[in-house]
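The values are calculated or read from the model by the stated rules, or taken from the named source; none is laboratory data. Quantities reported herein were computed from a predicted structural model and do not represent experimental measurements. Ligands, DNA and RNA are stripped out before the accessible areas are found, and what is left, the full protein with its side chains, is counted by its heavy atoms. Shrake-Rupley method; radii C 1.70, N 1.55, O 1.52, S 1.80 Å.
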Amino acid sequence: MEVGNSLQSSLRRSSRGEPFLSFRMELIKARGKDLTDYIWAKKPVERQKVPGEVISKCRDIISATPGENFSVLELGPGTGRFLREAILTFPYVSKYGFLEADANWAKHCEKMIRREAASCEPVMSVNASGDFSLFSGSQFDLVHAHAVLIIVRMKLGLGFISEMAKLLKPNGLLVFDVFSIAKLESRIKMGDADWATYYHPDWLNSAIESNGLRVVERSAHPYGSGGMTEYWFAERQDARRDLSPSPFSLFRPE
């Protein structure tokens, strides 16, 4: 796979990617509002309740009372809606890592963590190549990626599953979402499917199990203006293998 199929190039072909996020940031600033204040205080409309629902489900699955070293890693936090819910749901989180392609949104997410979770250490990696090397040697209780796999090519998306799995603690939880067939069909009808990647459940199961994880739940949630996105919750089972991150392994030639 060429570097040209990196996360950033995928974002550029996404209607929810970098151009949209940058436009939204400028719109908020033009209204004279602080970006972090706006996102933190925003009352969720019906379709924005999804972050709270998903993070609450994570809390239910992670049934044991987390210790002082509870940590979260998020791939592509964007506006920080899921980050917000994670801080509210896990007030004891001691470390929140995130990998974000856009530097402005990354700074906003860092500000949100420092302001709303003073005891939490933010670990920020700003890059568009899917390089997880900053987190080498770290392990997380919860690794989360919303609206990431659906906007990258399939091989890159499956590679992300592998890289994220390597960063899970034993019994840690990996959470990500993909489009349902119905949602993909609606995108095709709208003429907006050039960036939407579909993953057959068998492919996802294979990627999950081959990385020492076990699917514990799947659930559907509203996405955008219509249709559903399916969330996968997978728990790490294999604590014996050497799962150290492998930088740039996603970009080996075909």
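Note on exposure: Ser206, Ser129 ranked by accessible area (1.4 Å probe, complete protein assembly) read Ser206, Ser129, with the most exposed listed first.
With respect to the cross-link table entries Lys57/Lys169; Lys49/Lys107; Lys49/Lys95; Lys49/Lys111; Lys57/Lys95; Lys57/Lys155, which display a Cα-Cα separation exceeding 26 Å? Flagged as over cut-off: Lys57/Lys155.
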